[in-house]
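Below: the structure, in structure tokens.
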């Protein structure tokens, strides 16, 4: 009985924390579960536990597992709702990409001040695109965003080639420099093949 009471208290604390992280009231949670807010209040106070079906429903709602709901977590291992996690990831990604563009703006300004005679002061903005692709690629690998990963690889391939092409033009390269873009075709095919192959291997495994 004591174990059940402890389980109910642990569940109540976890649900309360997840609900507040989603800026959701007890009434809003109750409406999503087709329960009364009084029932939700009893759960959160540790007076009772919902049945397994409702546990699964709550877990799906917050994007966590049932085990996450009923297990006690240390301060550094707190489970975060899926929407909050995605929101935090999106903010991290935007700030990281924004930093790359901030550097590009700073370099552009410095070139404008100290290198006003240069004709390629706009190149920092061109290079910011592949740098942004690399940042997105790294995060998509960490967070397992498969389709974002393949798009960022594709953008990276073609923007790197474009950067080389524009730098070569600025340096006075010949008219056949456009042939550089032919390199991107096999690279793109290899990237797509690798992505599809890994995805297929994952499902077979």
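Quick notes on this structure:
- Boolean, residue 166 is touching a residue at least 24 places away in the same chain (Cβ under 8 Å) and more than 28 Å from the chain's Cα centre (by Cα): yes
- Any hit, the stretch 63-74, residues being at negative phi and within 19 Å of the chain's Cα centre (by Cα): yes
- Restricting attention to the stretch 72-101, the residues that are farther than 13 Å from residue 17 by Cβ and in contact (Cβ under 8 Å) with a residue 60 or more places away in the chain total 1.
- Flag for residue 139 being assigned by TED's automatic domain parsing to the domain that holds residue 89, farther than 19 Å from residue 188 by Cα, modelled with pLDDT of 90 or more and surrounded by 16 or more Cβ atoms within 10 Å (Cβ to Cβ): yes
- Any hit, the stretch 112-123, residues being surrounded by 14 or more Cβ atoms within 10 Å (Cβ to Cβ), in a helix (DSSP H, G or I), assigned by TED's automatic domain parsing to the domain that holds residue 27 and in contact with a helix residue (DSSP H, G or I) (Cβ under 7 Å, 6 or more places away or on another chain): no
- Whenever a residue of the stretch 184-205 is at positive phi, it has no partner that is surrounded by 10 or more Cβ atoms within 10 Å (Cβ to Cβ) and modelled with pLDDT of 65 or more lying with C-beta atoms less than 7 angstrom away and at least six residues away or across chains.
- Qualifying residue in the stretch 155-171 (condition: under 27 Å from residue 87 (Cα atoms) and either modelled with pLDDT of 85 or more or surrounded by fewer than 17 Cβ atoms within 10 Å (Cβ to Cβ) (or both)): yes
- From the list 146, 175, the one residue that fits, being more than 30 Å from residue 21 (Cα to Cα) and free of Cβ contacts under 8 Å to residues at least 60 places away in the same chain, is 175.
- Check on residue 193, surrounded by fewer than 16 Cβ atoms within 10 Å (Cβ to Cβ), in a helix (DSSP H, G or I) and at pLDDT 85 or above: no
The values are calculated or read from the model by the stated rules, or taken from the named source; none is laboratory data. Predicted, not measured: the structure shown is a model, and the values here were computed from it. Here Cβ is always computed from backbone atoms with ideal geometry, including for glycine, and neighbour counts include all displayed protein chains.
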